[in-house]
Amino acid sequence: MRIGELSERTGTPRRLLRYYEEQGLIVADRCANGYRSYDEVYVDRVLQIRGLLDAGLPTRIIKQILPCLDKPRAIHFPDATPDMLATLEGERDRMTERINCLTRNRDAIAGYLDAVRARIGPLEDREATPGAMTRAATTS
């Protein structure tokens, strides 16, 4: 597929796809006309890269761990230094804390929504605007 289709299917801007290629995270074949052509497997790979970036991992670490994300037990890790392992452990712990924080925030929002709905009734029974919800919550 061409870069435009990969961009659309992954929600990733073309400039970021070119950057991922520059960083060695993905590889494009080149057509006779010079256009980039990506294999179907790069749809999942780009989504995986985006998730790791969103989690806060830098591209240098992503590049090192990408090969093991598909088949961790089948690959040898010649560049798995103690420093790299310590970095990955730190990143894993930081992600765990972020997940815990997001979980607490999600649960707090769910609790708020449950409380508001219990006081003012289902959303279908109200005017579907933020102002109407606020007015209904304060007048109940």
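The values are calculated or read from the model by the stated rules, or taken from the named source; none is laboratory data. Not measured: the values here are computed from a predicted model. Cβ: placed from backbone, ideal geometry, glycine included. Neighbour counts: every protein chain shown.
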Among residues of the range 67-81 being assigned to a helix (DSSP H, G or I) and surrounded by 13 or more Cβ atoms within 10 Å (Cβ to Cβ), the residue modelled with the lowest pLDDT is Leu69
Restricting the range 27-59 to residues that are touching a Lys or Arg at 6+ places or on another chain (Cβ under 9 Å), aliphatic (A, V, I, L, M) and over 13 Å from Thr12 (Cα atoms), the residue that is modelled with the highest pLDDT | Ala28
Residues Glu21, Glu91: which one is of a type in the set (Asp, Glu), modelled with pLDDT of 90 or more and closer than 30 Å to Ser7 by Cβ?
-> Glu21
Any chance Gln64 is part of a helix (DSSP H, G or I), modelled with pLDDT of 90 or more and of a type in the set (S, T, N, Q) | no
Give the number of residues within the range 8-23 that are surrounded by fewer than 18 Cβ atoms within 10 Å (Cβ to Cβ) and more than 30 Å from Asn100 (Cα to Cα).
-> 8
State the number of residues belonging to the range 24-43 that are outside any loop (DSSP other than H, G, I, E, B) and either exposed (fewer than 12 other Cβ atoms within 10 Å of the Cβ) or not assigned by TED's automatic domain parsing to the domain that holds Gln64 (or both).
-> 3
For Ala110, state whether it is part of a helix (DSSP H, G or I) and at pLDDT 95 or above.
-> yes
Mind listing whichever residues of the range 6-18 are part of a helix (DSSP H, G or I) and either in contact (Cβ under 8 Å) with a residue 24 or more places away in the chain or under 16 Å from the mean Cα position of the chain (by Cα) (or both)?
-> Leu6, Ser7, Glu8, Arg9, Thr10, Leu16, Leu17
